[in-house]
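Trainee: Handing you this structure, nothing more for now.
Coordinate-derived values only; no laboratory data. All values reported here derive from a predicted model rather than from experimental measurement. Every residue, glycine as well, gets a Cβ built from its backbone with ideal geometry; the counts of neighbours run over all protein chains shown.
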């Protein structure tokens, strides 16, 4: 008897069907396993990114706590010394009223004192833990307030303005804080246009609150500047403190909102402030 006699020469129809079923099931299981693996990898990436964001936020809050302790001491010491300096400058100005050269020097010293006081204010605003005092107001009035304050700088810098704000758009927010945020964004835009340009401020209401945009026609933001725009003490200016946009971030945060940095399709930077609190319909 041949030793291969008992080995089937071919697989029976039923056996072929069974093998096909097994292979199909195996292929289906392999595909599902691959999909599960990819889903898990995607979830791990998401959680890793989320953890990185949380770690950065924790580090930022730890820095805030340290800065907060220093800020009050610095403000107290600096302002105690600025008061008499300002007084002495005023007295000198009276005595040197006929000496234009000396008055020019006094103006420069005075400008230095103002800049120092502004730095102290920036530090205090950045580290402040005050909760927003909410009240209703229309955003167009706040925008007019900011533009009125900036009128001399806009004129001197040959910067025109374009405003697109519905008159009926009302907000429930801290007026002083939001004014400071929009002012800082506008100042940032002005600094980005040393040779003139256009400052655009727009706002609209959505289902979840209000969206405010401040745009300029400057060179726009680099990838690094966009990524680090709201990082404390990061600045691309030679004389900047790096706290202006960080203060805006802080104001958005205490209102439960967010601030985003980007570039306009036609050029220039755009900052979008989103406030999730209910938009209040202004009175007719």
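Trainee: Nearest 10 degrees is fine. How inclined is helix 100-127 to the longest principal axis of the chain, computing both from alpha carbons?
Mentor: 40
Trainee: Counting C-alpha atoms alone, how compact is the chain: give Rg to one decimal and Dmax as a whole number, in angstrom.
Mentor: Calculated on Cα positions, Rg and Dmax stand at 30.9, 133 Å.
Trainee: In a solvent-free Debye calculation with one equal scatterer on each Cα, what is log10 I(q)/I(0) for segment 104-166 at q = 0.12, 0.21 Å⁻¹, listed in the order of the q values?
Mentor: Summing over Cα pairs of segment 104-166 leads to -0.56, -1.07.
Trainee: Can you give the direction-averaged projected area of the convex hull of the alpha-carbon atoms in segment 135-281, in nm²?
Mentor: If you wrap the Cα atoms of segment 135-281 in a convex hull and average its projections, you get 8.3 nm².
Trainee: Report the extension gain between residue 164 and residue 135 in nm, rounded to one decimal, defined as 0.36 nm multiplied by the number of residues separating them, less their alpha carbon distance. Numbers along the way, then the final one.
Mentor: Working: separation 29, 0.36 × 29 = 10.44 nm, distance 2.26 nm.
Full extension of this stretch gives 8.2 nm more.
Trainee: Moving to a separate point now. Compute the length gained on full extension between residue 149 and residue 253: take 0.36 nm times their separation in residues and subtract their Cα-Cα distance, giving the result in nm to one decimal.
Mentor: 35.0 nm
Trainee: Using the beta-carbon distance between residue 224 and residue 266 and R0 = 22 Å, what value does 1/(1 + (r/R0)^6) give for FRET efficiency, to the nearest 0.05?
Mentor: 0.50
Trainee: How far is helix 13-95 tilted, in degrees, relative to the longest principal axis of the Cα atoms in the chain, given as a value from 0 to 90 rounded to the nearest 10?
Mentor: Around 10 degrees separate the two axes.
Trainee: Multiply the residue separation of residue 51 and residue 85 by 0.36 nm, subtract the distance between their alpha-carbon atoms, and state the gained length in nm to one decimal.
Mentor: Using 0.36 nm per residue and subtracting the Cα-Cα distance, I get 7.4 nm.
Trainee: Students often check this: by mean Cβ neighbours within 10 Å, which of 192-199, 171-178, 130-137, 29-36 ranks highest, and how do the rest follow?
Mentor: Descending packing order for the listed peptides: 171-178, 192-199, 130-137, 29-36.
Trainee: If I fit a long axis through the Cα atoms of helix 175-191 and take the longest principal axis of the Cα atoms of the chain, what angle between them do I get, 0 to 90°, rounded to 10?
Mentor: Rounded to the nearest ten degrees, it is 90.
Trainee: Any idea what the relative contact order of the chain is, in percent, if you count C-alpha pairs under 8 Å spaced at least 6 apart?
Mentor: Contact order relative to length: 15 percent.
Trainee: Just the projected area, averaged over all directions, of the convex hull on the alpha carbon atoms of segment 78-190: how many nm²?
Mentor: Across all orientations, segment 78-190 yields a mean hull projection of 9.7 nm².
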